[in-house]
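Asks: Starting off with a structure, shown below.
The values are calculated or read from the model by the stated rules, or taken from the named source; none is laboratory data. In this text the structure is predicted, and so the values were computed from the model without any measurement. Cβ: placed from backbone, ideal geometry, glycine included. Neighbour counts: every protein chain shown. Note: accessible area is taken over every heavy atom of the protein model, side chains too, but ligands, DNA and RNA are not part of it. Shrake-Rupley method; radii C 1.70, N 1.55, O 1.52, S 1.80 Å.
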Amino acid sequence: TRIQDTEHVLAAICTRTRLLIDSDMAYISLNDADRAETYIRATDGVRTESYRTIRMPLGTGVLGTAAVGERTFMTSDYTTDDAFVHLKDVDSAVQGEGVRAILASPLKIDGLVIGALLVADRTPREFGPEERLIIESLAPLAAVAVENARLFEEQREALEREREARAEASAHLAKVQRMAEAEQAFGDALSSEAGVDALVRE
């Protein structure tokens, strides 16, 4: 709740999760409803750009399954696990990063899944009840933190738009005031029957 910048929120969550579960890496995905995909948004411990920028159709792989699911998903060795739908380009990124074991829990706000919190290791690993409990406890907190940061950014952007509109209105008001003063001065010159040179000056 203290950190309001989205980037810092996500980075802090990844770092804490990785340390608590003692994994090689941790990352957060957020869902893109328009494209029916989930994409990795923040990472800690990830080495390769191809893994850092993974986008997966919802419902595929551990990541895509967790991002639409109601429960925690895991695999002790993703490369040999046929319980999930594999995609060639994603599998290539996974192999490039050397990922073997993955533990993932959905991020939910008011019953809506907005992404997933994951940890991964570069060696096969059986995640036990303690690790599951940790990530299942952190995922709801992470979801709230992400949502709070999003709302804070929306509020900040709205305030900035309001400031810009107020500045624009103030500038317009000043312009109208100058126009009114000029009109008054010209009217005074006309009513005083000033000569052509005085009217030209006004």
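Asks: Can you tell me which condition GLU160 does not meet? The list is (1) open to solvent by 100 Å² or more (accessible area, probe 1.4 Å); (2) farther than 30 Å from ASP24 by Cβ, and all the others hold.
Replies: It fails just one condition, (1).
Asks: Hey, another quick one. Just to be sure, is LEU30 of a type in the set (A, V, I, L, M) and under 22 Å from THR123 (Cα atoms)?
Replies: no
Asks: Has region 30-47 got at least one residue that is part of a helix (DSSP H, G or I) and either out of contact with any helix residue (DSSP H, G or I) (no Cβ under 7 Å at 6 or more places or on another chain) or modelled with pLDDT of 90 or more (or both)?
Replies: Checking region 30-47: not a single residue is part of a helix (DSSP H, G or I) and either out of contact with any helix residue (DSSP H, G or I) (no Cβ under 7 Å at 6 or more places or on another chain) or modelled with pLDDT of 90 or more (or both).
Asks: Could you list, in sequence order, the residues of region 61-77 that are open to solvent by 50 Å² or more (accessible area, probe 1.4 Å) and in a strand (DSSP E or B)?
Replies: MET74
Asks: Could I ask something else about it? Of everything in region 33-51, what is within 19 Å of the chain's Cα centre (by Cα), surrounded by fewer than 16 Cβ atoms within 10 Å (Cβ to Cβ) and charged (D, E, K, R)? Give them in sequence order.
Replies: Result: ASP34, ARG35, GLU49.
Asks: While we're looking at this one, here's another question. ILE102 fails exactly one of the following numbered conditions: (1) of a type in the set (Val, Ile, Thr); (2) assigned to a loop (DSSP other than H, G, I, E, B); (3) buried (at least 22 other Cβ atoms within 10 Å of the Cβ). What is the number of that condition?
Replies: (2)
Asks: Specify which of the listed residues (LEU30, LEU58, LEU87) is open to solvent by 10 Å² or more (accessible area, probe 1.4 Å), more than 16 Å from ILE135 (Cβ to Cβ), touching a residue at least 24 places away in the same chain (Cβ under 8 Å) and over 19 Å from the mean Cα position of the chain (by Cα).
Replies: Only one candidate qualifies: LEU87.
Asks: Another question, then. In the set LEU10, LEU20, LEU107, which member is touching a residue at least 12 places away in the same chain (Cβ under 8 Å) and more than 20 Å from the chain's Cα centre (by Cα)?
Replies: LEU20
Asks: Oh, and also: What is the residue count in region 17-27 for residues that are surrounded by fewer than 19 Cβ atoms within 10 Å (Cβ to Cβ) and either of a type in the set (D, E, K, R) or at pLDDT below 90 (or both)?
Replies: Number of matching residues: 1.
Asks: Test ALA93 against the stated conditions and say whether it is open to solvent by less than 20 Å² (accessible area, probe 1.4 Å), more than 19 Å from GLU136 (Cβ to Cβ) and in a helix (DSSP H, G or I).
Replies: So ALA93 fits the description; yes.
For (1) assigned to a helix (DSSP H, G or I); (2) surrounded by 12 or more Cβ atoms within 10 Å (Cβ to Cβ), each residue gets a yes or a no:
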position: PHE127; (1), (2): no, yes
position: GLU136; (1), (2): yes, yes
position: ALA142; (1), (2): yes, yes
position: LEU151; (1), (2): yes, no
position: ALA165; (1), (2): yes, no
position: ALA171; (1), (2): yes, no
position: ALA180; (1), (2): yes, no
position: GLN184; (1), (2): yes, no
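Asks: For LEU190, work out the one condition from (1) outside any helix (DSSP H, G or I); (2) touching a helix residue (DSSP H, G or I) at 6+ places or on another chain (Cβ under 8 Å); (3) without any contact (Cβ under 8 Å) to a residue 24 or more places away in the chain it doesn't fulfil.
Replies: Of (1) outside any helix (DSSP H, G or I); (2) touching a helix residue (DSSP H, G or I) at 6+ places or on another chain (Cβ under 8 Å); (3) without any contact (Cβ under 8 Å) to a residue 24 or more places away in the chain, only one is false for LEU190: (1).
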